[in-house]
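The values are calculated or read from the model by the stated rules, or taken from the named source; none is laboratory data. Keep in mind the model is a prediction, meaning the values are calculated, not measured. Cβ: placed from backbone, ideal geometry, glycine included. Neighbour counts: every protein chain shown. When the accessible area is computed, the model is the full protein with side chains, heavy atoms only, and any ligands, DNA or RNA have been set aside. Shrake-Rupley method; radii C 1.70, N 1.55, O 1.52, S 1.80 Å.
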Amino acid sequence: MSSNISVYRICGFCSSEFLAKKTTTKYCSLRCASKDYKRRLKNQKIESSNLQTIKIKNQPLIELKDKEFLTVKQLALLLGFSVKTVYRLINTKRINAYNFSERKTLIRRCDINALFEKPQIGFEVVLRPIEQNKLKLRTAILSQKYKRNLIFQVVLYSTL
């Protein structure tokens, strides 16, 4: 049984118009159908490869989330910091670390969590009057720079 239907369609691969004998026809020729099939297989392989890569990249982070003690390098990876930044936090006593040997420094998980629970260390702004003879010179320079007159000097004190 043959069909007497003729429908104008657009090819799914080359986007050219063709006369189809069935309503389910998607491609103008066998060549376009096989090329589109290969393109779909290639895209599926690329997508599965990308998913595997993402899974492998995230694997160390998943393992680190369950550990109670972390090394400096692991903590840097977990927080997204550089190793130097972690050592700087250790030297300024913002993170408690334990040195077991020259090359083995461990940090407890609860110390890291406590770092984020502390209120942020900021600066306290104190306004104090400026001496009258220095006031004219400073306000002239600052008013040119910021287009306004300043009467007070801003002093930042660390709250450490």
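Here are the numbers for the structure shown:
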{"quantity": "Failed item, numbered, when Pro60 is tested on (1) surrounded by 10 or more Cβ atoms within 10 Å (Cβ to Cβ); (2) without any contact (Cβ under 8 Å) to a residue 12 or more places away in the chain", "calculated": "(2)"}
{"quantity": "Output for the stretch 90-108, where each listed residue is out of contact with any helix residue (DSSP H, G or I) (no Cβ under 8 Å at 6 or more places or on another chain), not in a loop (DSSP other than H, G, I, E, B) and not charged (D, E, K, R)", "calculated": "Asn91, Tyr98, Asn99, Leu106"}
{"quantity": "Yes/no for Glu124 being modelled with pLDDT under 55 and either surrounded by fewer than 10 Cβ atoms within 10 Å (Cβ to Cβ) or touching a Gly at 6+ places or on another chain (Cβ under 9 Å) (or both)", "calculated": "yes"}
{"quantity": "Subset of the stretch 11-25 [surrounded by 14 or more Cβ atoms within 10 Å (Cβ to Cβ) and without any contact (Cβ under 8 Å) to a residue 24 or more places away in the chain]", "calculated": "Cys11, Cys14, Phe18, Ala20, Thr25"}
{"quantity": "Of residues in the stretch 79-106 being within 19 Å of the chain's Cα centre (by Cα) and surrounded by 13 or more Cβ atoms within 10 Å (Cβ to Cβ), the one nearest to Glu63 (Cα to Cα)", "calculated": "Leu79"}
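Conditions tested, residue by residue: (1) in a loop (DSSP other than H, G, I, E, B); (2) aliphatic (A, V, I, L, M); (3) touching a Ser or Thr at 6+ places or on another chain (Cβ under 9 Å).
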| site | (1), (2), (3) |
| --- | --- |
| Ile62 | no, yes, no |
| Leu70 | no, yes, no |
| Leu75 | no, yes, no |
| Tyr87 | no, no, yes |
| Cys110 | no, no, no |
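Residue by residue, here is whether (1) open to solvent by less than 100 Å² (accessible area, probe 1.4 Å); (2) at pLDDT 90 or above; (3) closer than 30 Å to Cys110 by Cα holds:
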site: Cys28; (1), (2), (3): yes, yes, no
site: Arg31; (1), (2), (3): no, yes, no
site: Lys55; (1), (2), (3): no, no, yes
site: Leu64; (1), (2), (3): yes, no, yes
